[in-house]
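Worksheet: one structure, shown below.
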Amino acid sequence: MNERQLLMIPGPISFDPAVLRVMSTPTDSHVSAEFIELFGRALDDMLQVFLAPHGYPFVVAGSGTLAMELGLANLIEPGDRVLVIRTGVFGERFSDIARRQEAVVDEITAPLGEAPALAEVEKQLASASYKVMTVTHVDTSTGVAADAKGLAALARKHGALMVLDGVCATAGMECQQEAWGVDVYLTASQKAISVPPGLALLVASEQAMEAFRKRKSLVRSYYADWGKWLPIMDAYRGRKAAYFGTPAVNLIYALRLSLSQILAEGMEARFARHLQLSDGFKAAATALGLRQVPVRPEFGAATLTAAYYPEGVGAELLKKVADEGVILAGGLHPDIKTRYFRVGHMGPTLPSDILATVGAIERGLAALGHPVEMGAGVQAAQKAMGV
Ligand code: PMP
C-alpha cells in the first residue's frame, strides 16, 4: 500500500496523524486515575458533540452494527411494533435487528435516491402504536440524507421513540439530538468522528432511558445490555473505577483527542465545512456529467456523494483513480451496485483533497477514453468551495 494514498471512501477515512499517533501511547490500566479522567472527559465531550447535554453516553468496543443493536435491543420487547424508514440498505439492517428482538416490523421504503415524505410517515405512525421508529440519517449505500429533524418531531408527536443511525453523519451533518428530540443517536468511530474503526458510540435520551427502566423482560443480549454498561459509563463520568468489559483503551485515547479537535472546531463550523466540501465535490460531479443517486439536491448527504458512472464506464474507473493514489468506493445498493461509486468527504478532509480527488477522476475518465474537459470538475469544485 502506498502510504500517501488518499482514502476517500465513506469510512473508514484518512485519519489525522495526531489521532493515529496517540493510539501508540503505551496502554494504561483501564482503572488508572489517568485513564479514568481521560475516558470521563471523552464521555463528557461526546454529549457536546451529539448536542445532548442531558443524555446518557455509551462507548463500547465494536462496530456501528453493534451501536445499532445497542439502540434497539434495549428498547424492544417481544411484540413491540417498530417502524423502519428505509432509504438504502442500512434500514434493512435495522429491520433484521428488530426482528431478532421479536418486534413486529413495518417498513416505509423510499424510492431509490429519495427519502420518504413526512406526510407518508405521519400517516403510518398514526395507523398503529409504534414503540420505536428507526431512521438512517445518511444511508451510505445511496448517499441519501433523511430529514432527521422533521422525522424526530413526528415520532415525538405520535409517542414513538426515535432511533437515529448517525454512522455516516454524526459530527458531519447537523443533528441537535436534544433539541430535535432524538431518543437514541448512535454512530461508529470510523467516519466523521474521525477515529479508526472499533468503537460503537451512542447517546440515549431521558425518554429512552425511562422506556428501558420500564422493561418487563430481560434484554436479549448480554454484551449489548444497557444495564451492564450504564453503571460503567456513570462511574467513568463520576471519575471512578468500574469494570464490565475491558474498554478499548487505545481507541479511547484517539476518541478523546478527536472529540476535543471536533469541539475546538465548533459544531456549527464543522457542519458548515462538511457542506462546503460536499458542495465542492457535487459541483464537480455535475460539471463532469456524473448524475448523482439522490434524485434531488435536498436528498443529498453532506458526508458522501454517490454518483453513477458515465455511459460506457464502470468500476475500472476506480482502478484508474487508485493509480493516482485516491481510493474511492464501489456501489453497495443491490439494485445499482455495478452502476455507481461512492466518495466520502468527512472529518479532516481538506478542500485540496476534494480537488485531488476530482483531478484523479478527470484523469481516470480521460484514460478510459471518456470525453472529458480536463479541469472542468476542478474548476467547478474550486468555485463551489470558494477556495
Ligand atoms: N449504518 C450506516 C449508515 C453505515 O454506513 C454503516 C457502515 N458503513 C453501518 C450502519 C454499520 O457500521 P459498521 O460497518 O461499523 O458495523
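The angle separating the long axis of helix 226-237 from the principal Cα axis of greatest extent in the chain is about 80 degrees. Placing +1 on the Cβ of every Lys and Arg and -1 on the Cβ of every Asp and Glu, with no other charges, gives the chain a dipole of roughly 380 debye about its Cα centre. Rounded to the nearest 20, the Cβ-based charge dipole of the range 276-350 about its Cα centre (Lys and Arg +1, Asp and Glu -1) stands at 120 debye.
Calculated mean residue ellipticity, 222 nm, the chain: -13000 deg cm²/dmol, from DSSP H runs (n ≥ 4) at -39500 (n - 2.57) each, averaged per residue and rounded to 500. Given the options ALA145, GLY71, ALA367, identify the residue whose Cα lies farthest towards the positive end of the charge dipole of the chain (+1 on Cβ of Lys, Arg; -1 on Cβ of Asp, Glu). Value computed over the given set: GLY71. Determine which lysines satisfy two conditions relative to LYS383: a Cα distance under 17 Å, and not lying fewer than 8 residues away in the same chain. Those lysines meeting the cut-off are LYS282.
Output the pairs from LYS149/LYS216; LYS131/LYS216; LYS131/LYS228 with a Cα-Cα distance over 25 Å in this structure; if there are none, say none. Pairs exceeding the cut-off: LYS149/LYS216.
Just order 155-166, 314-325 by mean Cβ neighbour count inside 10 Å, highest at the front, would you? Numbers along the way, then the final one.
On the way: 155-166: 23.3, 314-325: 16.4.
The packing order, highest mean first, is 155-166, 314-325.
Taking a sphere under 13 Å around the Cβ of LYS123 and counting the other residues whose Cβ falls inside, with K and R at +1 and D and E at -1, yields a net charge of -2.
The residue among ALA192, VAL295, VAL219 whose Cα reaches farthest toward the positive pole of the charge dipole of the range 182-298, with charges on the beta-carbon of Lys, Arg, Asp and Glu, is VAL219. Computed from Cα atoms, the angle from the helix 64-73 axis to the main principal axis of the chain rounds to 40 degrees. For LYS240, list the aspartates and glutamates whose Cα falls under 12 Å from its own Cα; do not include residues on the same chain fewer than 8 positions away. By straight Cα distance, LYS240 reaches GLU34, GLU37. At q = 0.06, 0.07, 0.13 Å⁻¹, work out log10 I(q)/I(0) for the chain with the Debye formula, treating every Cα as an identical point scatterer and leaving solvent out; two decimals please. Relative scattering, expressed as log10 I(q)/I(0), comes to -0.23, -0.31, -1.04. Annotation for the range 171-192 versus the range 345-374: alpha-carbon center distance of 30 Å. When +1 charges are put on Lys and Arg Cβ atoms and -1 charges on Asp and Glu Cβ atoms, the dipole computed for the range 1-150 relative to its Cα centre reaches about 140 debye.
Of VAL89, HIS274, GLN382, which is farthest on the positive side of the dipole of the chain, counting Cα position, with +1 on Lys and Arg Cβ, -1 on Asp and Glu Cβ, and the Cα centre as origin? Highest projection toward the positive end goes to VAL89. Ignoring aspartates and glutamates fewer than eight residues from LYS191 along the same chain, the ones with Cα atoms less than 14 angstrom from its Cα are ASP16, ASP139, ASP165. Per-residue Karplus couplings for the range 41-49, computed as 6.51 cos²θ - 1.76 cosθ + 1.60 with θ equal to phi - 60°, are listed in order as 5, 4, 5, 4, 5, 4, 5, 6, 5 Hz, Gly and Pro entered as x. Here the Karplus curve 6.51 cos²θ - 1.76 cosθ + 1.60, taken at θ = phi - 60°, turns the phi angles of the range 164-180 into couplings of 10, 7, x, 3, 9, 9, 3, 6, x, 10, 4, 8, 9, 3, 6, 5, 7 Hz, with x standing for Gly and Pro. The separation of the range 321-340 from the range 249-268, counted between C-alpha centres, amounts to 29 Å.
Laboratory data are not the source of any read-out in this text; all were calculated from the coordinates shown. Just so it is clear, the structure is predicted and the values come from calculations on it, not from any experiment. All Cβ positions, glycine included, derive from the backbone under ideal geometry; neighbour counts span all protein chains shown.
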